[in-house]
Structure formats: C-alpha cells, structure tokens
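Taking it in order: structure first as structure tokens, then the write-up.
The values are calculated or read from the model by the stated rules, or taken from the named source; none is laboratory data. Note that this is a predicted model, so its numbers are computed, not measured. So basically every Cβ, Gly included, is an ideal-geometry build from the backbone, and we count neighbours across all protein chains shown. Areas reflect the complete protein model, heavy atoms only, side chains present, ligands, DNA and RNA absent. Shrake-Rupley method; radii C 1.70, N 1.55, O 1.52, S 1.80 Å.
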Amino acid sequence: MNTAEDEIRQLIETCSQALNRKDLDGLFEHFTHDLRVYDVVAQLSGASAYRKLWEETLALFGEQVGTERKDLKIYASEDVAFAHCLTRVTGVKSDNENAKSWLRTTICFRKVAGQWKIAHEHVSLPFDPQTRQPTFIRD
C-alpha cells in the first residue's frame, strides 16, 4: 500500500511527464480549480490562468521540454501535503537559446474526492537585494 508521500512523489512524476510531452490536459487534471500560484513572472488565481501562462511559456520551446528536480522533500498527512525542491525546465527555445536555470519550488497538495490535487505552487528565483537582479542557481 502506498503512503501519502509515495502518492505525492508519483503525482509529481506524472505531472513532469505530462509537461515533458507538452500535454497540458494531462498536466492540469492534477490541479484544483481554485489553484493559487506565485510564479516567477506572475501571481495567479485559478487553474485556467495558470494554464494560459504555461501555454505561452511552452510556445517558446521546441517540441520537447525536460524537467529535472533536485533535493525533493515531501511532507504529507492524511489530506494535505507539501513538497519543496529545486526545479529546472530545460529545452531549446524557438530562438535557439538553451533554457537552463534552477528555480526554487514549493507545491501544496490537498485530497479532493480521494485524489491528491495541487492546490498551490510557489516558484521563485533568488535575487541580489543590492542590484535587484536575479541570482541564477547554476549546476
């Protein structure tokens, strides 16, 4: 029998695979409708607003996108959970630039009708407070 942590880990992997295929229907079936997102580029309410952001983002990439996670930690109870990690979305953009930078990610989950769903995401890029410029996390 899977533990809540195992189920969350599998959900994260399923979402990564859908993103790699650029399958937004497959990705967004795992989000709550009232999703709240604090992303690097925007603060969003609702899964439809976040989907629109991903549509615009994925349009910048060629056919394939890669995702990688580092230092994934998951904390789960019976009906709520959260995870944090470093995440990198990779691929070749339409302007032939390689996308690569690690981002800090926190994901909050809740059980809805017996299924884990993503209810909140926070993705951030560190910045230098002196210059107010991003501080990219490199390999």
Quote the FRET efficiency, to the nearest 0.05, computed for V80 versus D25 with a Förster distance R0 of 30 Å and r equal to the Cβ-Cβ distance.
0.70
Counting only heavy atoms of the protein chains, get the accessible area per residue of the range 33-116 (1.4 Å probe) and round it to a whole Å² value.
61 Å²
Full-stretch length increase - Q115, L58 - with 0.36 nm per residue and alpha-carbon distance subtracted
17.8 nm
Give the long-range amide H neighbours of G46: residues separated by 5 or more places, or on another chain, with amide H under 5 Å away, using H modelled in the peptide plane at 1.01 Å from N.
L35, R36, V37
Applying the Karplus parametrisation 6.51 cos²θ - 1.76 cosθ + 1.60 with θ = phi - 60° to the phi angles of the range 55-63, what ³J(HN,Hα) value in whole Hz is obtained for each residue in order, glycine and proline being reported as x?
4, 5, 5, 5, 5, 7, 9, x, 5
Under the 0.36 nm per residue contour assumption, what length would be gained going from the current alpha-carbon distance of R9 and T106 to full extension?
33.6 nm
Accessible surface of the chain, 1.4 Å probe, proportion on carbon and sulfur as whole %
49 percent
Rounded to the nearest 5, what % of DSSP beta bridges with both residues in the chain are antiparallel?
90 percent
Points 7 angstrom from Cα along the Cβ direction at K70 and Q133: gap in nanometres?
2.1 nm
